[in-house]
Structure formats: structure tokens, C-alpha cells
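Chemist: My questions will all concern the structure given below.
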Amino acid sequence: MTSPAEGGTPAGAGPTDTDWAAALAAVRGLPADARVLLICHVNPDGDALGSMLGFGLGLRRWGVRHLQATFPGPPEVPEPFRWLPGLDLLVPQDDAYPDPDLVICFDAASESRLGDLVDRLDKAGAALVLDHHASNTRFGGIHLVDPHAAATSVVAEGLLDRLGVPLDAEIAACLYVALSTDTGSFRFEATTPEVHRMAARLLATGIRPGDISRRIFDTRPFGAVRLFGEVLGRARLEPEAAAGRGLVWTYATQDDLARYGQPAYVLEALIDSVRCTAEADVSCVVKQVAPAEWAVSMRSKGAVDVSRVAVALGGGGHRFAAGFTGRGTVDEVLDRIRAELVGALTA
Ligand code: 5GP
Ligand code: MN
């Protein structure tokens, strides 16, 4: 465990009363015409978008009139999230306020996850960080980082509640998407009684969980179904890896995507098919993002702390789900992962 940053919260503990008070003061102290910029991490997933847009809708209800939401990179929202309430808050990164009064970051464990928007941290009047990654580097000035929270949306709901913003169906839909994606539809270990209590509060607004789940988990183009078939067909099992706990992995290239006419984000769901493998504790999908650059997703069933592997290779994440950007060939990236696995055994 790292030592507490000076004046900050020890890693592993959730926000203190002082942290909550600082966050509330940053919002309540905003002038009437304040400009607030919300930023979530690159290649946004359900928690990044859902916590950001749900909180943004809440801030709008609270009275912030000049409000933008954005994320680094191309401004396209993955198709499964294109119905989310609050999408009208989104602007391309180049149109985002250059010097907002307040910047709020969602689900980003480190500054590197903010891409070109990282300069807003210094240019903004104040920087508030809402996150739940144990690997959070404590960038920004005010931290609401709770490694025990199942999703960043848990922290976002906590702040909305303290601001006195009631949940409505639009806010709830966003926060529910965030909560259900990061808990794998309420299947992962992080699914505590409090997660179900929060889900109950969200469902009580009248949102329809069946419709939401079908849109975000159970719908993909036929081309993606066939692409998955090919990419899963080349998966490799290495039972001896991670000191015998086993590794299963596959990769997908930009050419694979082009042949099936698919955008990159369809590959996000692939890891769920790979991690089913009974014979492996660790699963891994290596996704090409440039000729010699790969976005790596890793999952563990518990014998390996994959966030340690990810951090060692320049990324981050959680114990059971983590990632990093790898350079070189697929084989070189895999060699680096294999080398880190043994040192990341949990017992
Ligand atoms: P996924 O595999 O679903 O993309 O990500 C799993 C977890 O690892 C998420 O919590 C995500 O934020 C984190 N993660 C994935 N890629 C990176 C990365 O390149 N850098 C960092 N710091 N975290 C990552
Ligand atoms: Mn998250």
C-alpha cells in the first residue's frame, strides 16, 4: 500500500468528510455564470459516460447553466450508449471550455486517461476527481476516490445526494448503465448490498432494466458476431502461465475490423467471451489501435492481481480488471504480460 499523499486520503480508503466538504464547496461556491467542464476517460465505457452524463444532468437540475461534457479522442459515442439521456451535454474535445471555472473528471485513474484534455486540470479554477480505481494517482486538487465503490457512478450519486439533487428517470438511466456495466450486470464481487440498494433507488424512478440491458449488453451487428467468431477462433490457452494458474488470450487487428466493417468499440465485449475459459485464471484481449500500438484488456478470477501487471506496463485498473497500452508486436506485448504475471500472484 502506498503512503498517503501529503494532505490527502490514504490509498484504499474512501473519501473523508473533508474530501466531501471540499467537493461540495467547489460546486456550491461557483458563481452564477460559472462554466463547468465534465471529462471522462478516453474510449469511454458505460461507467465513464453514465457517471459523467448522469452527474451532468444532476448539475443542470441543480442550476449550472454553462455545462459541457467531453472525452479525449474522436467524439463518437459507442452505438450501445447513443440513447443515453444527457448526450446533448457532449461537445468534441476541441470545443471544450479552455479555462472552465470547475473541471470534474470521471472514472479516470490517471492523467494519461484524459489525453489532450489534461491541460484543463491546470487551466480550470478547480479540479475535482470522481473515481473508484485503487490505482488512482491522486491527480487534480479535490479527490472523491473510493476504491471500494463498484463504479464511479456510486460516487457520483453520493455527491448528487449531498447536493440535494433528487434522482429522476434520466439521471437514473445514466447511473444504472454505469453501475450495471462495471458490475458485469451485478455479477462481480463488487456487487455488495449497497450496490443493490443503489440499483433499487435507480429502478424506483421507473427506468426499464430489461430494455437497458438489451441495448448495452445484448445487441451487436451481425458483422460483429462473425468478427467475434474469427477472433475467438484464434484464442490461445497457456495452462502453464502465471505459475500454472493459466492464461488465455487472443488479439484483433485493425484489418479484422475493416474486413467486417466494424468500429473498434465492438471489441470491448470480446473479453467477456474469452474470460469464460475454465482452464485459465487470467484472460487477455490485445486490440490493435495503430500499426504498433495495442489496447490490452485483462481480467482475472482472483489468483493474479491484473492491476499490478497493468501498472507495471504503464496502465492501471482494478484487481480483477485492468488494462494498458502496449507497443510493438502482439508477441512482444504478450511476452511482457507473461513476465509480469508471476510477480502479480495474490497468494
Ligand atoms: P477494459 O479492459 O474494460 O478496457 O478496462 C478494464 C479496467 O482497466 C478499467 O477500469 C479501465 O479503466 C482500466 N484500464 C484499461 N486500459 C487502461 C489504460 O490504458 N490505462 C489505465 N490507467 N487504465 C486502464
Ligand atoms: Mn469504472
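Chemist: Here are the criteria: (1) more than 24 Å from ASP211 (Cβ to Cβ); (2) within 16 Å of ligand 1 (Cβ to nearest atom); (3) crowded, with 22+ Cβ neighbours inside 10 Å. Tell me which single one ALA23 does not satisfy.
Modeler: (2)
Chemist: Which one of these is at pLDDT 95 or above, among the polar types (S, T, N, Q) and closer than 22 Å to TRP20 by Cβ: SER180, SER153?
Modeler: Working: SER180 fails: closer than 22 Å to TRP20 by Cβ.
None of the others qualify; the one that does is SER153.
Chemist: Quick one: in the range 158-187, of everything that is in contact with an Asp or Glu (Cβ under 8 Å, 6 or more places away or on another chain) and in a loop (DSSP other than H, G, I, E, B), which residue is nearest to ALA48 (Cα to Cα)?
Modeler: So, considering only residues that are in contact with an Asp or Glu (Cβ under 8 Å, 6 or more places away or on another chain) and in a loop (DSSP other than H, G, I, E, B), the one nearest to ALA48 (Cα to Cα) is GLY184.
Chemist: Which of the residues belonging to the range 251-294 are within 20 Å of PHE222 (Cα to Cα), open to solvent by less than 10 Å² (accessible area, probe 1.4 Å) and either in a helix (DSSP H, G or I) or touching a residue at least 40 places away in the same chain (Cβ under 8 Å) (or both)?
Modeler: First, pick out the residues of the range 251-294 that are within 20 Å of PHE222 (Cα to Cα): 251-274, 287.
Adding the requirement that they be open to solvent by less than 10 Å² (accessible area, probe 1.4 Å) leaves 252, 256, 267, 270-271, 274.
Within the range 251-294, ASP256, LEU267, LEU270, ILE271, VAL274 qualify.
Chemist: Right, another one. Can you tell which of PHE106, PHE81 is within 16 Å of ligand 1 (Cβ to nearest atom) and crowded, with 24+ Cβ neighbours inside 10 Å?
Modeler: Working: PHE81 fails: crowded, with 24+ Cβ neighbours inside 10 Å.
PHE106 is the lone residue from the list that is within 16 Å of ligand 1 (Cβ to nearest atom) and crowded, with 24+ Cβ neighbours inside 10 Å.
Chemist: Please work out which residue is nearest to ALA280 (Cα to Cα), limiting yourself to the range 315-347 and to residues that are among the aliphatic types (A, V, I, L, M) and within 7 Å of ligand 1 (Cβ to nearest atom). Show your work before the answer.
Modeler: From the range 315-347, those among the aliphatic types (A, V, I, L, M) are 321-322, 330, 333-334, 337, 339, 341-342, 344-345, 347; that's our starting set.
When the remaining residues are screened for being within 7 Å of ligand 1 (Cβ to nearest atom), the result is 321-322.
Numbers: ALA321: 15, ALA322: 16 Å.
Among residues in the range 315-347 that are among the aliphatic types (A, V, I, L, M) and within 7 Å of ligand 1 (Cβ to nearest atom), the one nearest to ALA280 (Cα to Cα) is ALA321.
Chemist: Still on this structure, I have one more. One residue is enough: does the range 116-130 have a residue meeting the conditions farther than 30 Å from ARG275 by Cα, of a type in the set (D, E, K, R) and within 18 Å of the chain's Cα centre (by Cα)? Steps first, answer last, please.
Modeler: At the first step, the residues of the range 116-130 found to be farther than 30 Å from ARG275 by Cα are 116-129.
Within this subset, residues satisfying the condition of being of a type in the set (D, E, K, R) are 116, 119-120, 122-123.
Of the ones still in play, those that are also within 18 Å of the chain's Cα centre (by Cα) are 116.
Yes, that holds for at least one residue.
Chemist: Just checking, how many residues over the range 299-314 are surrounded by 24 or more Cβ atoms within 10 Å (Cβ to Cβ) and either more than 7 Å from ligand 1 (Cβ to nearest atom) or not hydrophobic (A, V, I, L, M, F, W, C) (or both)? Outline the logic, then answer.
Modeler: Keep residues of the range 299-314 that are surrounded by 24 or more Cβ atoms within 10 Å (Cβ to Cβ), which gives 299-300, 304, 306-307, 309-310.
Narrowing further to those that are either more than 7 Å from ligand 1 (Cβ to nearest atom) or not hydrophobic (A, V, I, L, M, F, W, C) (or both): 299-300, 304, 306-307, 309.
Within the range 299-314, residues that are surrounded by 24 or more Cβ atoms within 10 Å (Cβ to Cβ) and either more than 7 Å from ligand 1 (Cβ to nearest atom) or not hydrophobic (A, V, I, L, M, F, W, C) (or both) number 6.
Chemist: Among the residues of the range 258-287, what is the count of those that are closer than 22 Å to GLU76 by Cα, within 16 Å of ligand 1 (Cβ to nearest atom) and not acidic (Asp, Glu)? Working first, answer last.
Modeler: Here is the first cut: in the range 258-287, the ones closer than 22 Å to GLU76 by Cα are 258-271, 286-287.
Narrowing further to those that are within 16 Å of ligand 1 (Cβ to nearest atom): 263-271, 286-287.
Filter once more, so that each one left must be not acidic (Asp, Glu): 263-267, 269-271, 286-287.
Number satisfying all stated conditions: 10.
Chemist: From the list LEU227, LEU159, LEU203, LEU167, which one is away from ligand 1 (no atom under 16 Å from the Cβ) and closer than 26 Å to LEU334 by Cβ? Let's see the steps before the verdict.
Modeler: Working: LEU159 fails: closer than 26 Å to LEU334 by Cβ; LEU203 fails: closer than 26 Å to LEU334 by Cβ; LEU167 fails: closer than 26 Å to LEU334 by Cβ.
It is LEU227.
Chemist: Do we have ALA200 as outside the structural domain of SER153 (by TED's automatic domain parsing), surrounded by fewer than 17 Cβ atoms within 10 Å (Cβ to Cβ) and either of a type in the set (S, T, N, Q) or more than 26 Å from ALA310 (Cβ to Cβ) (or both) here? Before you say what the answer is, go through the steps one by one.
Modeler: Numbers: outside the structural domain of SER153 (by TED's automatic domain parsing): no; surrounded by fewer than 17 Cβ atoms within 10 Å (Cβ to Cβ): yes; either of a type in the set (S, T, N, Q) or more than 26 Å from ALA310 (Cβ to Cβ) (or both): yes.
Taking the combined requirement at face value, the residue does not satisfy it.
Chemist: Could you grab me the full set of residues in the range 188-210 that are assigned to a helix (DSSP H, G or I) and either touching a helix residue (DSSP H, G or I) at 6+ places or on another chain (Cβ under 7 Å) or not acidic (Asp, Glu) (or both)?
Modeler: The first filter runs over the range 188-210 and keeps only residues assigned to a helix (DSSP H, G or I), leaving 193-203, 209-210.
Once the filter is applied, which keeps residues that are assigned to a helix (DSSP H, G or I) and either touching a helix residue (DSSP H, G or I) at 6+ places or on another chain (Cβ under 7 Å) or not acidic (Asp, Glu) (or both), the range 188-210 yields PRO193, VAL195, HIS196, ARG197, MET198, ALA199, ALA200, ARG201, LEU202, LEU203, PRO209, GLY210.
Chemist: In the range 45-70, what residues are part of a loop (DSSP other than H, G, I, E, B) and either in contact with a Ser or Thr (Cβ under 8 Å, 6 or more places away or on another chain) or open to solvent by less than 10 Å² (accessible area, probe 1.4 Å) (or both)?
Modeler: As a first pass, look at the range 45-70 and keep what is part of a loop (DSSP other than H, G, I, E, B): 45, 63-65.
Correct list: ASP45 only.
Chemist: While we're here: Just checking, how many residues over the range 213-250 are in contact (Cβ under 8 Å) with a residue 12 or more places away in the chain and assigned to a helix (DSSP H, G or I)?
Modeler: Taking the range 213-250 first, the residues in contact (Cβ under 8 Å) with a residue 12 or more places away in the chain are 213, 215-217, 219-221, 223-224, 226-228, 230-232, 234-239, 241-243, 245-250.
With the extra rule that they be assigned to a helix (DSSP H, G or I), the set shrinks to 213, 215-217, 223-224, 226-228, 230-232, 241-243.
Total meeting the criteria: 15.
Chemist: I need the full set of residues from the range 315-344 which are within 16 Å of ligand 2 (Cβ to nearest atom), in a loop (DSSP other than H, G, I, E, B) and either free of Cβ contacts under 8 Å to residues at least 24 places away in the same chain or open to solvent by less than 70 Å² (accessible area, probe 1.4 Å) (or both), in order please.
Modeler: Residues satisfying the conditions are GLY315, HIS318.
The values are calculated or read from the model by the stated rules, or taken from the named source; none is laboratory data. A quick note: this is a predicted structure, and the numbers were derived from the prediction, not measured. Glycine gets a Cβ as well: all are built from the backbone with ideal geometry, and neighbour counts include every protein chain shown. All accessible areas refer to the heavy atoms of the entire protein, side chains included, with ligands and DNA or RNA removed. Shrake-Rupley method; radii C 1.70, N 1.55, O 1.52, S 1.80 Å.
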